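Step one of this worksheet: look at the structure below.
The values are calculated or read from the model by the stated rules, or taken from the named source; none is laboratory data. All values derive from a computational prediction rather than experimental measurement. Because the Cβ atoms are built from the backbone with ideal geometry, glycine has one as well, and the counts that use them run over all protein chains shown. Note: accessible area is taken over every heavy atom of the protein model, side chains too, but ligands, DNA and RNA are not part of it. Shrake-Rupley method; radii C 1.70, N 1.55, O 1.52, S 1.80 Å.
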Amino acid sequence: MTSGQQGSQQRRGWARYLPILVWGRAYDRGAAGNDLTAALIVTIMLIPQSLAYAMLAGLPPEAGLYASIVPILLYSVFGTSRSLAVGPVAVVSLMTAAAIGEVTRTIDVGYATAALTLAGLSGGILLAMGVLRLGFVANFLSHPVISGFITASGILIAVSQFKHILGVEAEGHTLVALLASLWTHLDAVNSLTLAIGLAATAFLFWVRTGLRPVLIRAGLRPGAADFLAKAGPVLAVVATTLTVWQFDLDASGVKIVGAVPQSLPPLTWPDLSLDLIAALFVPAVLISIIGFVESISVAQTLATRKRQRIDPDQELIGLGAANIGASLTGGFPVTGGFSRSVVNFDAGAETPAAGAFTAAGLGIAALYLTPLIYFLPKATLAATIIVAVLSLVDFRTLRHSWTYSKRDFGAVAATMVLTLAFGVEIGVTSGVVLSILLFLYDTSRPHVAEVGQVAGSEHFRNVLRHAVKTDPQVLTLRIDQSLYFANARFLEDYIYDRVIEDKDLKHVVLMCSAVNEIDLSALETLELINIRLKEIGIDLSLSEVKGPVMDRLKQSAFLDRLTGEVFLSQFEAFKALSGMDLDVDPEGNVGATDRSMEGSTA
């Protein structure tokens, strides 16, 4: 191998972990222009969002800006999505508040320090999963269950912000606790704060759909109208901030953001004490999983629209690096956000460099614009959160799961109820556990169909669904799933129950066309089935065994002890074991020449 070839292979190896080496080589002026435009729009959108999500996480407003700068830069280097915008998101911010609030009540640690540690721990978990190529874990989470959790979380987030809209003190991490706390403080509602909060909420809801048509009718071009519509939250921030400043409303009880440090993200270090790490480990795992699922879903959806590819394992590394960056620069846990990623995509972002430009814009805002938000009312930030998270609330999942699968409906409903009643940590834990239990339940009871020959063909179908030919001496069972430790016993019981009363039966054929793997437990079960059937005078045969499965079987003694045979096709097995002469005419039709057999129809 030449030195040039070695260098090329080395570059490809580095590109596996540094996607920037792939898209960066083809970066040109046109892509830079599109990325800058997208970055400008996303930056305008992110400024109020970042401040709001920091407040949701229980942290100072500047933490939201800090969590949106270095993490985006790191993701642009390590991430594979060209449109994903990484930063604070509503669900993860709520989970952060719940986790840190619980930990700081039992451990003597600062709230911000606990947030840094949680981000670092989450980043380490994501990074380790990426290096170990564990991106497939997202496949074990039921989408309806996760949708139910996110819907319930959206409700909790919206209700938790009512205290800022009303201008009262309230606390709690469950729906009942929040509503009860709000009820007890209703007599302390600040009317000015309520007016600002309701006006901002109404305006932001209207902006989402109503502002663009108005601007177009006023003569603006569609591009400019889109830009201003996306800047709606900034308009609300400017208007309410000026109102509070002009009329000195903070003196009348309207709570404001106050002084925000005018600086770039500081260098910080998480607390690595074992007690704190142990207390935050489970929340960090849950935040990592939920954040990854949300992020990869958005990234894959947007990538598909441009025929691009997302590497889940590298996404874990990108998100892990982003969270570690957040922990070292005064932030808190982050992930890919749906709304800002869609805006980034729609605005024309072509590469992750758009994220780097966004980070630069937020850095400028942190340095020079923070004094302008001194009089920003917290009610406006609460309105921003409420409008953003209510788009997450989707009760259609309940209706769809009810009509399609009552079992899935039960899982979704249970996740929502547990999240609302006991908080996000219990809710997300139950969602993950339910997803795994549903998977195990489904695979532990594989579909097994008794099949027969479709007249005039070599096809075999379920005797309960088709008019097929069967032989009383031959029982063919099609196994529609791989065999492993959790479902091998089910197959064993199914076969015994079927053959025990059938005195004419001489052969059992397992049709393995859908079996992709047989683990050691299932192999031992097949050996036991072979012995038991032999004791009652029945031979066991296999048909349509896939090559990789056959390779594994050949490494054992099972095939040597098999009382029957292994047939290439089910047609060959049926022809050999039933004693029929089956002819294939020139047109490919198959006919029975020995005897006819009656089929059954469902």
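If I compute solvent accessible area with a 1.4 Å probe over the protein chains, what percent of it on the range 514-560 is carbon and sulfur?
In the range 514-560, the share of accessible area belonging to carbon and sulfur is 47 percent.
Can you tell me the length gained on complete extension of the stretch Glu524 to Ala414, counting 0.36 nm per residue apart and subtracting the Cα distance? Don't skip to the end; give the middle numbers.
On the way: separation 110, 0.36 × 110 = 39.60 nm, distance 3.73 nm.
Once the chain is fully extended between Glu524 and Ala414, it gains 35.9 nm.
Check each of the GluC sites (Glu not before Pro) in the range 464-536 and keep only those in coil by DSSP with at most 10 other C-beta atoms within 10 angstrom; list them in order.
Filter output for the range 464-536: Glu501.
Go ahead and run the numbers for FRET between Arg532 and Tyr404, Cβ-Cβ distance against an R0 of 45 Å, rounding to 0.05.
The value I calculate is 0.70.
If a/c stays under 1.5 just call it rounded; otherwise compare a/b with b/c (prolate if a/b is bigger, oblate if not). Do that for the range 142-244, with a ≥ b ≥ c from the square roots of the Cα gyration tensor eigenvalues. All intermediate terms of the calculation are to be shown ahead of the outcome.
Numbers: a/c = 3.72, a/b = 1.44, b/c = 2.59.
Oblate is the answer for the range 142-244, as a/c is 1.5 or above yet b/c matches or exceeds a/b.
For the range 381-460, what does the relative contact order come out to in percent, with C-alpha contacts under 8 Å and a separation of six or more? Don't jump to the answer; show the numbers that get you there.
Working: 29 pairs, mean separation 10.5, N = 80.
Reported as a whole number, the value is 13 percent.
Excluding ligands, DNA and RNA, what is the solvent-accessible area per residue of the chain at a probe of 1.4 Å, expressed in Å²?
Here the per-residue accessible area is 46 Å².
Apply the Karplus parameterisation 6.51 cos²θ - 1.76 cosθ + 1.60, with θ equal to phi minus 60°, to every residue of the range 496-507 and state each ³J(HN,Hα) to the nearest whole Hz, in sequence, with x for glycine and proline.
Result, ordered by residue: 4, 4, 7, 8, 4, 9, 9, 6, 7, 6, 10, 9 Hz.
Whole-Hz Karplus ³J(HN,Hα) for the range 537-545, in order, using 6.51 cos²θ - 1.76 cosθ + 1.60 and θ = phi - 60°, x for Gly and Pro?
x, 10, 8, 10, 10, 10, 9, 6, 7
Which of Ala67, Leu18, Gly30 sits farthest toward the positive end of the charge dipole of the chain, with +1 on the Cβ of Lys and Arg and -1 on the Cβ of Asp and Glu?
Gly30
Can you run phi through the Karplus equation (6.51, -1.76, 1.60; θ = phi - 60°) for the range 302-312 and list ³J(HN,Hα) in whole Hz, with x for Gly and Pro?
6, 5, 4, 5, 10, 6, 9, 10, 10, 9, x
Using the crude model of +1 on Lys and Arg Cβ and -1 on Asp and Glu Cβ, and no other charge, please compute the dipole size for the chain relative to its Cα centre, in debye to 20.
In debye, rounded to 20, the chain gives about 1980.
Compute the distance in nm between two label points, each set 7 Å from the Cα along the Cα-to-Cβ direction, one at Ser191 and one at Ala576.
9.2
Say the dipole of the range 150-224 comes from +1 at the beta carbon of Lys and Arg and -1 at that of Asp and Glu; which of Ala200, Ala158, Val168 then lies farthest toward its positive end?
Working it through, the farthest residue towards the positive pole turns out to be Ala200.
What chymotrypsin sites (Phe, Trp or Tyr not before Pro) in the range 478-587 are in a loop by DSSP, with at most 13 other Cβ atoms within 10 Å of the Cβ?
Phe485
Cα gyration tensor of the range 405-556, axes a ≥ b ≥ c as square roots of the eigenvalues: rounded (a/c below 1.5), prolate (a/b > b/c) or oblate? Walk me through the numbers before you get to the answer.
On the way: a/c = 2.48, a/b = 1.94, b/c = 1.28.
Since a/c reaches 1.5 and a/b is larger than b/c, the shape of the range 405-556 is classed as prolate.
Heavy atoms of the protein only, probe of 1.4 Å, neighbouring chains included. What is the accessible area of His466 in Å², nearest 10?
Its heavy atoms expose roughly 80 Å² to the probe.
Note the angle between two axes, namely the Cα long axis of helix 424-444 and the longest principal axis of the Cα atoms of the chain, as a number of degrees from 0 to 90, rounded to the nearest 10.
10
Just to confirm the number: angle between the C-alpha axis of helix 520-535 and the first principal axis of the chain, 0 to 90 degrees, nearest 10?
Roughly 20 degrees between the two axes.
Averaging over every viewing direction, what projected area does the convex hull of the Cα atoms of the range 241-298 cover, in nm²? Let's see the in-between values first.
Values: hull surface 32.8 nm².
For the Cα atoms of the range 241-298, the hull's average projected area reads 8.2 nm².
Among Ala326, Asn462, Ala229, whose Cα lies farthest out toward the positive end of the dipole of the chain, if unit charges sit on the beta carbon of Lys, Arg (+1) and Asp, Glu (-1)?
Ala229
For the chain, which semi-axes, largest first and in whole Å, follow from the square roots of 5 times the eigenvalues of its Cα gyration tensor?
Computed over the chain, the values are 58, 28, 24 Å.
Using Cα atoms only, what is the angle between the long axis of helix 232-247 and the major principal axis of the chain, expressed in degrees (0 to 90) to the nearest 10?
The angle comes out near 30 degrees.
Once you have a ≥ b ≥ c as the square roots of the Cα gyration tensor eigenvalues for the range 226-353, tell me rounded if a/c is under 1.5, and otherwise prolate or oblate according to whether a/b is larger than b/c.
Oblate, since a/c reaches 1.5 and b/c is not below a/b.
Keeping to pairs on different chains or 8 or more places apart, tell me how many lysine pairs in the chain have Cα atoms under 23 Å apart.
Going through the chain pair by pair, I get 16.
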